[in-house]
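See below for the structure under consideration.
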Amino acid sequence: MVFGEDKVPRKHADALLKDGLLRASFATMSEGMAIHQLVHDTDGKAVDYLILDVNDAFERQTGLPKETVKGKLASTAYGSGEAPFLDIYSRVAQTQQAAKFEQYFPPLRKHFLINVFSPDKDCFVTIFEDITARKLAEHNLYEGKEHFRRLAEDMPLFVVTFLPAGTLTYANAAIAKSANIAANKLIGMNFFEFLSEDDRKMVRARLDSLSPEDPIESHLQHYQTADGEYIYHQWTNRALFDTHGKLTGFQAVGEDITQRKKSEDALADLMRKLEQKELAKSRFLAAASHDLRQPLAAANLFIDALRLSKPTTAQEQLIHRLDQTMSNFNELLDALLNVSKLDAGMIKPVFSPIRITEIFSWLEQSFEPLARDKGLGFRLFFPTAEPFLVRADFDLLKSVLMNLVSNAIKFTPAGNVLIGARKRGGNIVFQVWDTGVGIPHDQLEHIFDEFYQVNNPQRDRNRGVGLGLSIAKRALALFDGAITCRSIPERGSVFEFSLPLTGASVVVSSHVEIPPSENNSSDESFASGKHFVVIEDEGLVAEALKGILESLGGEVHCFASAEDALLDTDAQRADYFIVDFMLAGKLNGIQFLNQLRPQLVRPIRAVLMTGDTSSSFIKNAVDCDWPILHKPVNLSKLVSSLKAQAH
């Protein structure tokens, strides 16, 4: 029996919708709703169902217009040739027991969650919820889990998942191999039982601290094997929460980092040994420098005393030669001191704009005579059309250029030395060219190492000590700069570095050097009538200071230790104190001056002298309230430091 558009079913639908709540839901609900009437054959068997009415949401979800389905048999309206889900719907309509099921509907290519109930015999209502997107997400999640499982099985990392209580729900092959238990047997075992008691407490505490806002933690675990070896595992744990924030389990990924840990420990041990070796070398250099500076300090002062003794012309020439020799020694020790200062990080660049012309004027005055005396051509090439300025520390820049240019002159038997500067982008590139002996290619990478010299196994002192390029490299590093070298053996070398240009509108302070006056009347008159206390345990240095100051009219008292000077009441009335840092007693020079200060009502005018060039001393002496002079010290430096405190 087949219904058409007759009045009986229509009236049935209207009767159902008279219920206010059902009518309101029918019109406004977001899910699709349809009212149906079973169709029976002559034997009373349900063979189809008639679609009595549908709401607007039904049309949106199925894409079927109301006009094409209302009053039509389901087998015709849905285009399937038979009534979909007839067995389920007829059972609900006849028993009035509600049902719910999910189903894919091929004609519409959609997944639906269908709720069906029967408000009256042979009548049923279906509510459609389109769950196509959810089913696709579930499919993708399944595929993702499968991908994750395959990935986890192939990777060498340990991968496990477990419930909040610790029950393992997944374990990959790597963790199974490490535990020596089959992966399927690990499932159901407790993750925490594999940990030591201490690790168990630690891991539980870390996992308990996780939250939806902060779900990840990492930690290192170590285990001791039966043979005493330690195994190190790095674990990263992620807490898993549902949409309501309830903890559902954990995912843990671990890595055996035993070999990496051993390598890191070996590297750290090697670095410690290298640091100890470097410190030992620095201590040796500082000690050697200190021991050398003591006799040189005395020699310098004795030379100054000779100058004051009204020497003859021949004697003045000898004094001049002695002074040159001492200057060479001083340069060597100053180089060692600069290394110590750079190692200690005590040299801080003071940046200022510097004229290119000023730099090259200094180069010409300082090095042209040296090149001329050796028969070398000395050429300067720099831009003169514009007043270029570079930003640098002038003293450090001079140190770099001095080392490069003096090396060029020293290692060029014949030919020329060229110093050039040219603009390149926002920088000025400095180059020092020579036509000297050159450097073999395999030695270029070592020339900036300390004490490294090319082809000088005999350590010929005339060729320096091998510190110049190392100091130049370190000094340029303070400018964030670098130095490079290109060389061809027997043809020459070129060293190059860059400095940034700065604006021409900046006010430039002139870097004028006034050479120290070493024998002028103000130095001689300064000491006259003054009382000096010298605390120096090196006999020759003390004797030289005493002799030169007394020859200038001063009264001098010498002490070998700070303790002896503190016990002498006459020492406290001194006008000036000249104090060595490293003394024979328990107190050093700084400690002596600090203990003396409360006993005097006037400021202490003093200088601290030392032969210690170690980086530790340089760091500790930063807060010293008095000038520090590194030995060897000549009279001019000593007097100028004391005179500066006279006012």
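Things to note:
- Criterion violated by Ile231 - all others in (1) touching a Ser or Thr at 6+ places or on another chain (Cβ under 9 Å); (2) open to solvent by 70 Å² or more (accessible area, probe 1.4 Å); (3) at pLDDT below 90 satisfied: (2)
Matching residues to (1) more than 38 Å from the chain's Cα centre (by Cα); (2) assigned to a helix (DSSP H, G or I); (3) in contact (Cβ under 8 Å) with a residue 24 or more places away in the chain:
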residue	(1), (2), (3)
Gly188	yes, no, no
Glu193	yes, yes, yes
Asp198	no, yes, no
Lys201	no, yes, no
Arg206	no, yes, yes
Leu210	no, no, yes
Glu213	no, no, no
His219	no, no, no
His222	no, no, no
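- Sole exception among (1) out of contact with any Asp or Glu (no Cβ under 8 Å at 6 or more places or on another chain); (2) among the hydrophobic types (A, V, I, L, M, F, W, C); (3) at pLDDT below 90; (4) over 15 Å from Ile127 (Cβ atoms) for Ala83, by number: (1)
- Consider the range 483-536 and keep the residues that are charged (D, E, K, R) and touching a helix residue (DSSP H, G or I) at 6+ places or on another chain (Cβ under 7 Å). The one that is modelled with the lowest pLDDT is Glu518.
- Some residue of the range 377-389 being basic (Lys, Arg) and modelled with pLDDT under 90: no
- Positions within the range 79-104 being open to solvent by less than 40 Å² (accessible area, probe 1.4 Å), without any contact (Cβ under 8 Å) to a residue 24 or more places away in the chain and more than 14 Å from Ile51 (Cα to Cα), in sequence order: Ala99, Phe101
- One residue stands out in the range 35-52 among those that are crowded, with 18+ Cβ neighbours inside 10 Å and either touching a Pro at 6+ places or on another chain (Cβ under 9 Å) or at pLDDT below 90 (or both): the one that is nearest to Ala77 (Cα to Cα), namely Leu50.
- With respect to the stated conditions, Arg422 is touching a Pro at 6+ places or on another chain (Cβ under 8 Å) and modelled with pLDDT of 90 or more.
- The residues in the range 607-637 that are among the hydrophobic types (A, V, I, L, M, F, W, C), within 23 Å of Phe302 (Cβ to Cβ) and at pLDDT 85 or above can be counted, and the count is 5.
- Checked against the criteria, Glu67 counts as acidic (Asp, Glu), open to solvent by 70 Å² or more (accessible area, probe 1.4 Å) and more than 18 Å from Val47 (Cβ to Cβ).
- Cβ-Cβ contacts under 9 Å between residues 6 or more apart (or on different chains), taken from a first residue in the range 225-254 that is farther than 16 Å from Thr161 by Cβ and touching a residue at least 12 places away in the same chain (Cβ under 8 Å) to a second residue that is open to solvent by less than 50 Å² (accessible area, probe 1.4 Å) and among the aliphatic types (A, V, I, L, M), are listed as Tyr232/Ile257; His233/Ile257; Gln234/Ile257.
- Residue check, Gln61 under 60 Å from the mean Cα position of the chain (by Cα), in a helix (DSSP H, G or I) and either surrounded by 15 or more Cβ atoms within 10 Å (Cβ to Cβ) or modelled with pLDDT of 85 or more (or both): yes
- Close pairs from the range 536-560: first under 13 Å from Leu638 (Cβ atoms) and open to solvent by less than 10 Å² (accessible area, probe 1.4 Å), partner aromatic (Phe, Trp, Tyr) and in a helix (DSSP H, G or I), Cβ under 6 Å, at least 6 apart: Ala544/Phe302
- Scanning the range 127-160 for residues that are at pLDDT 80 or above and open to solvent by 50 Å² or more (accessible area, probe 1.4 Å) yields Glu129, Asp130, Pro156, Leu157.
- Residue within the range 442-449 that is in contact with a Leu (Cβ under 9 Å, 6 or more places away or on another chain), among the β-branched types (Val, Ile, Thr) and in a loop (DSSP other than H, G, I, E, B) present: yes
- Taking the range 548-567 as the range and being within 55 Å of the chain's Cα centre (by Cα) and outside any strand (DSSP E or B) as the test, the residues that pass are Ile548, Leu549, Ala560, Ser561, Ala562, Glu563, Asp564, Ala565, Leu566, Leu567.
- Verdict on Phe250 being aromatic (Phe, Trp, Tyr), open to solvent by 30 Å² or more (accessible area, probe 1.4 Å) and modelled with pLDDT of 80 or more: no
The values are calculated or read from the model by the stated rules, or taken from the named source; none is laboratory data. Everything numeric here is computed off the predicted structure, so don't read it as measured data. As a convention, Cβ positions derive from the backbone with ideal geometry for all residues, glycine included, and neighbour counts pool all protein chains shown. Protein only, heavy atoms only, side chains kept; ligands, DNA and RNA dropped before computing areas. Shrake-Rupley method; radii C 1.70, N 1.55, O 1.52, S 1.80 Å.
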